Structures are given as C-alpha cells and as structure tokens.
Amino acid sequence: MKLGVVRFPGSCDDVDALHAARRVGDAVLLWHGDHDLQGVDAVIVPGGFSYGDYLRVGAIARFSPVMTEVERFARSGGLVLGICNGFEVLCEAGLLPGALLPNVSLRFVCRQVDVAVANDTTPWTRATTAGERLSIPAKHTSGRYWAPDPVLDELEAGGQVALRYAPGHNFNGSARDIAGVTNAAGNVLGLMPHPEHAVDALTGSADGLRLLESAAA
Amino acid sequence: MRARVLIRPKAGILDPQGQAVERALPALGFGGVADVHVGRLIELDVEEPDRLAEMCEQLLANPLIEDYEIDLEPSS
C-alpha cells in the first residue's frame with residue numbers, strides 16, 4: 001500500500017505521519033501546492049497549524065491545490081485520514097460533517113487519552129474490535145467536536161461515529177464524546193487524537209497503528 | 001466600497017470565550033454584565049458588495065457554527 005501525507009505550510013506532524021505510514025506500507029509527502037497525489041492508495045492530512053490557522057482552524061488549507069485533488073479522491077471512494085488539524089481541514093472542506101470548536105477549557109491540552117472503537121467496520125477501523133480501547137495522545141486547543149443534534153443523531157444511526165472518548169477522557173467537551181467520525185461512505189475518517197504518535201511501545205503505546213493497519217488490511 | 005463583516009458564534013453553541021470574559025468583568029468591579037459573546041470583525045474594501053454573502057458562506061464564516069452580518073459604509 002502506498003500512502004501520501006499532505007504537507008501544508010504550518011504542518012508539524014507530517015514527518016511522524018510519514019514514519020507511521022511506513023510501518024504499514026510505502027509513504028510519500030504530498031506538497032500542498034501540487035495537484036498531484038502521486039498515485040497513492042490513501043491520503044493522510046496531518047496535524048499542525050496549516051496556513052497558520054488564520055481566520056479559523058483549517059479554513060484556508062482547504063483551498064490549497066492539493067486539497068482539490070484530495071476532495072476528488074475522497075469523493076470517488078479513496079481512503080482519507082484527517083488527524084487533528086487535518087480533521088479540521090476535512091470538516092471545513094465539507095468532506096466530514098460538523099466542526100471543531102475551542103476546547104471548553106480554552107487551553108491547549110496535551111495528554112494521553114483512551115478512545116473506544118464505536119464502529120469496527122469502517123476501512124480505518126476494520127482491524128479493531130468494537131469496544132476496544134486505544135491509548136493515543138491528543139494535543140490541541142480546538143478539538144471540541146460539534147454538530148447540530150439532528151446531524152449527531154444521523155451520525156450515530158448511520159455508524160459514522162467511529163471512535164469515542166472513553167468515560168473521563170473527553171477533556172475538550174466534544175458532543176456525545178465523539179473523538180472520530182467518518183463520512184457516510186466510511187472512506188474518510190477524521191479524529192482529534194494522534195495515532196501517528198502512538199506507533200511504538202517505546203514511546204508509550206503502539207495502538208495508533210491499529211488504524212493504519214486497518215487501512216492496509 | 002468599505003464593508004464590515006461581523007461574525008459571531010451561533011446562539012445555543014457553548015461559547016467559552018464569552019463565558020471567560022463574563023466572569024472576568026465582575027472581578028474587575030464591572031457588575032451587571034450578562035450574555036457575553038466574543039466574535040470577529042472583518043473589514044474590507046470590496047468592488048462587488050453583492051458578493052459579500054457568498055464570501056461569508058465560502059470563507060469568512062463557517063455557517064454551521066457562526067452567524068454573520070454585513071454592514072456597508074456609505075461612500076463618502
């Protein structure tokens with residue numbers, strides 16, 4: 001499997017994402033100014049502060065040339081994973097429902113969180129088991145997932161809630177403890193915690209690999 | 001034409017920034033303050049003011065979470 005990791009000006013987790021992707025396949029960097037996805041089988045939109053997060057988190061990055069291609073790729077069923085700022089970019093681009101608001105604490109929080117798999121049938125979670133807990137670091141200021149109640153009902157009914165914060169781990173105030181959601185087709189997943197920082201027991205946990213292994217399975 | 005776009009969090013969405021300001025004011029001795037919300041002001045010169053709503057929908061605001069209001073300054 002060949003994975004592509006997008007690099008925007010202001011991305012800072014692109015190298016870790018590349019490193020993580022190489023645990024399950026080949027991986028290349030995709031430059032934000034290019035219209036070329038280099039024939040990858042899956043795209044990771046990584047964390048960081050794309051375009052300085054000016055205006056709103058993720059708002060400017062969605063208009064970059066590479067995102068035109070990522071949108072096309074996603075809409076034709078291609079596998080796309082948005083992590084943290086990447087999740088925010090995918091929401092702004094309309095590839096995922098909802099939005100990410102400032103944490104209820106208004107503080108930047110960096111901590112290890114437990115997320116439980118809510119749907120183990122998506123392309124990004126199929127190597128996991130429903131209810132399984134993954135220990136993954138989270139680090140952000142704007143990670144409070146929000147969507148109108150009817151949309152949340154629809155997401156839950158349609159199995160689009162892929163990951164939830166375990167009890168006591170929803171530090172940012174996300175609606176219904178949602179940590180990760182997919183689009184209706186399931187090929188696009190966005191989550192706030194960072195699976196690419198949890199790929200080696202040496203640094204605390206290798207649970208993040210489970211998502212990448214799902215995509216490669 | 002000079003335009004001002006006021007962007008505010010939608011009613012009903014928790015606004016921790018507004019709450020923080022609301023808590024800070026009484027601490028400074030300013031009483032009688034309630035329902036504080038913090039938004040954004042964008043000022044711009046536009047040649048086609050008719051397209052401002054479109055600009056708001058596509059970039060300046062996120063219509064899912066924010067309301068916007070457009071004020072045009074009469075040309076001097």
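Taking the criterion of being assigned to a strand (DSSP E or B), among the charged types (D, E, K, R) and more than 14 Å from chain B (Cβ to nearest Cβ), the residues of segment A:114-156 that qualify are A:ASP114, A:ARG133, A:LYS139.
Considering the conditions (1) at negative phi; (2) small (Gly, Ala, Ser); (3) away from chain A (no Cβ under 12 Å), B:GLY18 is excluded by exactly one of them, (3).
Scanning segment A:157-171 for residues that are in contact (Cβ under 8 Å) with a residue 12 or more places away in the chain and within 14 Å of chain B (Cβ to nearest Cβ) yields one hit, A:PHE171. Every condition in (1) assigned to a loop (DSSP other than H, G, I, E, B); (2) of a type in the set (A, V, I, L, M); (3) within 14 Å of chain B (Cβ to nearest Cβ); (4) in contact with a strand residue (DSSP E or B) (Cβ under 9 Å, 6 or more places away or on another chain) is met by A:LEU106 except one, and the failing one is (4). What is the one condition in (1) assigned to a strand (DSSP E or B); (2) more than 12 Å from chain A (Cβ to nearest Cβ) that B:VAL5 does not satisfy? Failing condition for B:VAL5: (2).
Among residues of segment B:21-48 being closer than 20 Å to A:PRO102 by Cα and surrounded by fewer than 13 Cβ atoms within 10 Å (Cβ to Cβ), the one that is nearest to the chain's Cα centre (by Cα) is B:LEU41.
Scanning segment A:77-92 turns up at least one residue that is in contact (Cβ under 8 Å) with a residue 12 or more places away in the chain and more than 15 Å from the chain's Cα centre (by Cα).
A:LEU96 meets all of the listed conditions (1) in a loop (DSSP other than H, G, I, E, B); (2) surrounded by fewer than 18 Cβ atoms within 10 Å (Cβ to Cβ) but one, namely (2). Taken over segment A:51-86, residues that are in contact with a Pro (Cβ under 7 Å, 6 or more places away or on another chain) and small (Gly, Ala, Ser) amount to 1. Sub-7 Å Cβ pairs linking a first residue in segment A:9-22 that is touching a residue at least 12 places away in the same chain (Cβ under 8 Å) to a second residue that is of a type in the set (S, T, N, Q) and in a helix (DSSP H, G or I), at least 6 apart or interchain, are A:GLY10/A:SER50; A:SER11/A:SER50, ordered by first then second residue.
In this structure, A:ASP16 qualifies as in a helix (DSSP H, G or I), away from every other protein chain (no Cβ under 14 Å) and in contact with a helix residue (DSSP H, G or I) (Cβ under 9 Å, 6 or more places away or on another chain). One residue stands out in segment A:78-103 among those that are more than 14 Å from chain B (Cβ to nearest Cβ) and β-branched (Val, Ile, Thr): the one that is farthest from A:ALA42 (Cα to Cα), namely A:ILE83. You will find that of A:VAL151, A:VAL181, the residue that is among the aliphatic types (A, V, I, L, M) and over 15 Å from the mean Cα position of the chain (by Cα) is A:VAL151 and no other.
Just so you know, all these numbers are worked out from the coordinates, no wet-lab data involved. Predicted, not measured: the structure shown is a model, and the values here were computed from it. Because the Cβ atoms are built from the backbone with ideal geometry, glycine has one as well, and the counts that use them run over all protein chains shown.
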